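S.K.: Before we start, here is the structure in question, set down as C-alpha cells.
Computed from the coordinates by the stated procedures, all read-outs in this text should not be read as laboratory data. What you see is a predicted model; the values in this text were computed from it and never measured. Glycine gets a Cβ as well: all are built from the backbone with ideal geometry, and neighbour counts include every protein chain shown.
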2 protein chains.
Amino acid sequence: MKDVALGIDIGGTNTKFGFVDREGNMYAETSVSTVETAPGDVEAYLKYVYEEVEKLRDTIDEKMNIVGCGIGAPNGNYFTGTIEYAPNLTFQGVVPILKIFQQYYDVPMVLTNDANAAAIGEMIYGGAKGMKNFVMITLGTGLGSGFVANGELIYGNDGFAGEMGHLMHRPGGRTCGLGRQGCLEAYVSATGIKRTVFKLLADMVDETPLRDVTYNNLSAAMITDLALKGDPVARAAFDYTAELLGRSLSDIVAIFSPEAIFLLGGLAKAGDTLFKPTKQYMEGHMFEIFKNKVPILSSALEGRNAAVLGSSALAWKEISPVIDVSAQP
Amino acid sequence: MKDVALGIDIGGTNTKFGFVDREGNMYAETSVSTVETAPGDVEAYLKYVYEEVEKLRDTIDEKMNIVGCGIGAPNGNYFTGTIEYAPNLTFQGVVPILKIFQQYYDVPMVLTNDANAAAIGEMIYGGAKGMKNFVMITLGTGLGSGFVANGELIYGNDGFAGEMGHLMHRPGGRTCGLGRQGCLEAYVSATGIKRTVFKLLADMVDETPLRDVTYNNLSAAMITDLALKGDPVARAAFDYTAELLGRSLSDIVAIFSPEAIFLLGGLAKAGDTLFKPTKQYMEGHMFEIFKNKVPILSSALEGRNAAVLGSSALAWKEISPVIDVSAQP
C-alpha cells in the first residue's frame, strides 16, 4: 500500500488528475473532459471525476492509499474552498467545490489556483526545495504567478493574491481575456506573443513564413522554432516579450527580493530564446542592490504533468509541512 | 520599574530615540545629530548615542528597564544587522551596527529600514492590529514600503525586500536620489510632488503663488495648503500624484490582496486632498475581483514619532510576537 495524494487540475477544457507520492513520483495520471459531462452541473461533474479517479485507481497493481487531495482551478480560493466566478468554467458564481468533493474522500483537501499550485509543487518536489522566498511565473494562455515569502505562499486577505498577469502594463492597451485593457498577460504569455507577432507583421516588412499562418493556427512553439532559425519577426516578438517580462520581473524583485524566479508553461518551453534576453532586460532595469542576485530558472516541473504535480503538492504541504526553517540566510 | 523598548531611528540628518512600552506609550524621546559627532566613525557615533540615551533615561522619574532595542535605518538589513551602502549616511560600506551597539545593551536587538519599522509599528500599536496582510507606504523624501503577508513582514532573501519606491514607473524619466531614471519615488513622494509642481509651472499658464516660490523653499505642506484653496497648479499636482500612486497601488493589490493600505509621512499629511483621488484612481485601475475591497487608511502613527515608535515595535515583536493567528479570514 502506497500513501499518495490525489492531485486534480481543473481547466476550462480538461480535468487532469493523478496519484503522487511524497517524493513527487506519479503513479498514474489521466485526463477527462471538464465540459462534456453535465456542463454547469458541478455535482454531476464531481461525481464523474470521482468515478474516473476510482477507475484509474483500479488500473494500478499497488494499492493507492489516498491520504489527501489537492485541487488547482482558476479562481480557486484557498481560504473558502470555493471556485469564484471563473470566466473559463461552465460553473457559474461561487461553487463550494471542496465541500462537494469531500463526500467522496474524507481526507484533508485543499484548493487554490493553478499558478499557486505550481509554486507549491516547485517548493515540495522541484527546484525551490529549501527556498523561503521565490516567485513562480506560469506563461500559458495567460500569465499566472505564485509568490512565496517567509516560506509561505501569499494568498492575501481574500485568497486571491498573486495576480501578476493583471498588473497594468499599458492603460488603454490590449484587451485581456477578462475584458480589461493593458494587462501584462495580454503581452507576456503564449497568447501575448502570438498577438505581438501579428502586430509586428503589420509593423515590419520582412519576409517570414509567419505571413502564411492564420492567427488561430499560430502557436508559441512555432514562433520559438522560427526564432531559433533566425526569423526576424519571430526574434523581434521574443525580444519584445522578453523586454516587458524582464522589466516586470525587476519590479517584482524590488518588492520581494526572491532567491530565484521560476518560469513554467507553454512560452517557457522556448528556453534560452526567452530566458537569455529576459535576464538581460531584467538586470538592465534592476535596482542596484538587487543586480545579479536573482537567477531566472526553468521549473523542474516542466515537461512533467506540472498542474497535477502542483495540485498534489498542495495536499502534501497541508498534511506535513516540510519547509526547512534552518535554510533562512 | 517599567519594561520598555529603546526605539532608535537613524536618519541622514538626525538620530531620534525614545523609550516605548508594550502598549505604545512613549516615556521620553529626543533627537541628536547623526552627522556632527565624528562623521563616518560609526563606533564614536554609537558611543555618543549610548551616552545620550543614558542622559535621557536619567531625566525620567520612573526607572526605565530596557528589555529590547529596535533600530530603523536606511538600508538596514534585518538578517545581518548591518547597514549596507546607505547613500545618505556618512558611514561607508557595510556597517555592523547591531554588533557594535550590543556592547552597550545586552538585550535582543533588531535592525531594519524605516518603512519596515513603520509597518511593524502599525501592526503592534496602530491600525493594523490583528491584520495578517497589509501594506505600509511612507511618503517622505522618498517612497518607502513595508509588506506584511501571512502575519510576517517580507524581508526577502537578502533582507532588502519592499523597495516599492524603486518600481520602474517610466524608463528614462526623472532621476531619483540614487541616480536611476524613472523610479516611482521620483514622482510619488513629498519630493516628487515638488518636482511635479515645477513641471506644471512650465506646462501651465495659470496664475498661482507657486510662481513666487523657489524650488528649495517649496514644501509638500505649502502645496497642500494651496490645493485646499483651489490653486489650479497645486490641484493638478495632487491629481497627477494621486493617479500614479493609485495605479501603482492597484498593481500592489493584484499581487498582495491586502486587507488595507496605510499611508504615512510628509505627503500623507495632505489627508483627503491626497487620499480621495488616490482611492478613485486605484479603484478605476483595479482588477475586478479586488474592486472596493481595500481601504486606503491614514497611519495611526501619523502625528506621533512614527519612526521611533516603529523601531521600538520591532523590538517588541522580536521579544514577544503578538500576531493573533485566529484572525485569519
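S.K.: If you fit an axis through the alpha-carbon atoms of helix A:42-58 and take the longest principal axis of the Cα set of chain A, what angle between them do you get, 0 to 90°, nearest 10?
M.R.: 80
S.K.: Quick one: net charge around residue A:7, please, counting Lys, Arg +1 and Asp, Glu -1 for every other residue with C-beta under 15 Å from its C-beta.
M.R.: Details: positive: A:2, A:16, A:22, A:57, A:304, A:317; negative: A:3, A:9, A:21, A:23, A:29, A:52, A:114, A:122, A:318.
So the environment of residue A:7 carries a net charge of -3.
S.K.: Continuing with this model, one more query. Give the angle, between 0 and 90 degrees and rounded to the nearest 10, that separates the Cα long axis of helix A:232-256 from the longest principal axis of the Cα atoms of chain A.
M.R.: The angle comes out at about 60 degrees.
S.K.: Between B:68, B:303, B:192, which gets the highest mean-square fluctuation from a Gaussian network model of chain B, Cα cutoff 10 Å?
M.R.: Maximum among the listed residues: B:303.
S.K.: As an exercise, use a Förster radius of 56 Å and the Cβ-Cβ distance of residue A:35 and residue B:2 to find the FRET efficiency, rounded to the nearest 0.05.
M.R.: Numbers: r = 67 Å, r/R0 = 1.20.
Rounded to the nearest 0.05, the efficiency is 0.25.
S.K.: Right, next: Report the Cys residues of the protein assembly as shown lacking a disulfide-compatible partner, meaning no second Cys Cβ under 4.7 Å from their Cβ.
M.R.: So far as the 4.7 Å Cβ criterion goes, A:69, B:69 stand without a partner in the protein assembly as shown.
S.K.: Okay, next question. By the scheme Lys and Arg +1, Asp and Glu -1, what is the net charge of all other residues having a beta-carbon under 11 Å from that of residue B:122? Provide the component values of the computation, followed by the final result.
M.R.: Details: positive: B:129; negative: B:302.
Cβ neighbours under 11 Å give a net charge of 0.
S.K.: How high is the relative contact order of segment A:214-329, in percent, counting Cα pairs under 8 Å that sit 6 or more residues apart? Walk me through the intermediate numbers first.
M.R.: Values: 98 pairs, mean separation 31.6, N = 116.
Once normalised by length, the contact order is 27 percent.
S.K.: Determine which chain A residue has its Cβ at minimum distance from the rotation axis mapping A onto B, giving the value in whole Å.
M.R.: It is A:149, 3, counting Cβ atoms only.
S.K.: If the label for residue B:212 sits 7 angstrom from Cα along the Cα-to-Cβ line, what are its distances to the same label in every other copy, in nm to one decimal, shortest first?
M.R.: Between copies, matching label points for residue B:212 lie 7.5 nm apart.
S.K.: Using helices alone, I'd like the mean residue ellipticity at 222 nm for the protein assembly as shown: each DSSP H run of four-plus residues gives -39500 (n - 2.57), total over residue count, nearest 500. Write down the numbers at each step before the final one.
M.R.: Values: 16 runs with 219 residues, N = 658.
So the calculated ellipticity at 222 nm is -10500 deg cm²/dmol.
S.K.: How many lysine pairs are close in segment A:132-298, with Cα atoms under 19 Å apart and the two 8 or more places apart or on different chains?
M.R.: Final tally of qualifying lysine pairs is 10.
S.K.: Relative to the longest principal axis of chain A, what angle (0 to 90°, nearest 10) does the C-alpha long axis of helix A:306-319 take?
M.R.: 50
S.K.: Quick one: with label points 7 Å out along Cα→Cβ, list the inter-copy distances for residue B:108 in nm, shortest first?
M.R.: Those label-point separations list as 2.8 nm.
S.K.: Take chain B, connect every pair of alpha-carbon atoms lying under 10 Å apart with a spring to form a Gaussian network, then pick out the residue of B:39, B:74, B:209 with the largest mean-square fluctuation.
M.R.: With Cα springs under 10 Å in chain B, the top fluctuation among B:39, B:74, B:209 is at B:209.
S.K.: If r is the Cβ-Cβ distance from residue A:14 to residue A:61 and R0 is 35 Å, what FRET efficiency results, to the nearest 0.05?
M.R.: Values: r = 26 Å, r/R0 = 0.75.
It comes to 0.85.
S.K.: If I take every Cα pair under 8 Å that is 6 or more residues apart in chain A, average their sequence separation and divide by the length, what percent do I get for the relative contact order?
M.R.: Values: 676 pairs, mean separation 68.2, N = 329.
Relative contact order here is 21 percent.
S.K.: Mind pulling up the Rg/Rh value for segment B:131-298? Radius of gyration and Kirkwood radius, both on Cα. Provide the component values of the computation, followed by the final result.
M.R.: Numbers: Rg = 16.0 Å, Rh = 16.3 Å.
The Rg/Rh ratio comes out at 0.98.
S.K.: Still on this structure: Cα to Cα, under 28 Å, and not fewer than 8 places away if on the same chain: which lysines meet these conditions relative to residue B:2?
M.R.: B:16, B:47, B:55, B:63, B:99, B:129, B:317
S.K.: When N counts the residues of segment B:142-239, how does its alpha-carbon radius of gyration compare numerically with 2.2 N^0.38 Å, as a ratio? Let's see the in-between values first.
M.R.: Values: Rg = 16.2 Å, N = 98, 2.2 N^0.38 = 12.6 Å.
Dividing the Cα radius of gyration by 2.2 N^0.38 Å gives 1.29.
S.K.: For each of B:304, B:174, count neighbouring Cβ atoms within 10 Å of the residue's Cβ, then give the residues from fewest to most.
M.R.: Going from least to most buried by this count: B:304, B:174.
S.K.: Also, quick follow-up: Pull out a ≥ b ≥ c, the square roots of the eigenvalues of the alpha-carbon gyration tensor of segment A:212-329, then state rounded if a/c is under 1.5, prolate if not and a/b is larger than b/c, and oblate in the remaining case. It would help to have the intermediate numbers written out before the result.
M.R.: Working: a/c = 3.03, a/b = 1.35, b/c = 2.25.
Oblate.
S.K.: Once you put a point 7 Å from the Cα of residue B:100 and another 7 Å from the Cα of residue A:204, both along the Cβ direction, what distance in nm separates them?
M.R.: 5.6
S.K.: Same structure again: Among A:188, A:135, A:233, which one shows the highest mean-square fluctuation when chain A is modelled as a Gaussian network with alpha-carbon springs under 10 Å?
M.R.: Comparing A:188, A:135, A:233 in a Gaussian network model of chain A, the most mobile one is A:233.
S.K.: Counting only other chains, what is the mean number of Cβ atoms within 10 angstrom of the Cβ of each residue in peptide B:160-172?
M.R.: Details: counts 7, 9, 4, 9, 3, 2, 10, 7, 8, 1, 0, 4, 0.
Mean shielding count: 5.
S.K.: Here's something else I'd like to know. Across 20 Å bins from 0, what is the distribution of all Cα-Cα pair distances for chain B, in whole percents?
M.R.: Going out from 0 Å in 20 Å bins, chain B shows 32, 56, 12, 0 percent.
S.K.: Test of understanding: express the Cα radius of gyration of the protein assembly as shown as a ratio to 2.2 N^0.38 Å, with N the residue count.
M.R.: Values: Rg = 26.5 Å, N = 658, 2.2 N^0.38 = 25.9 Å.
The value comes to 1.02.
S.K.: Hey, another quick one. List the distances, in nm and shortest first, from the label point of residue A:94 to the matching label points in every other copy, placing each point 7 Å from Cα along the Cα-to-Cβ direction.
M.R.: Those label-point separations list as 5.0 nm.
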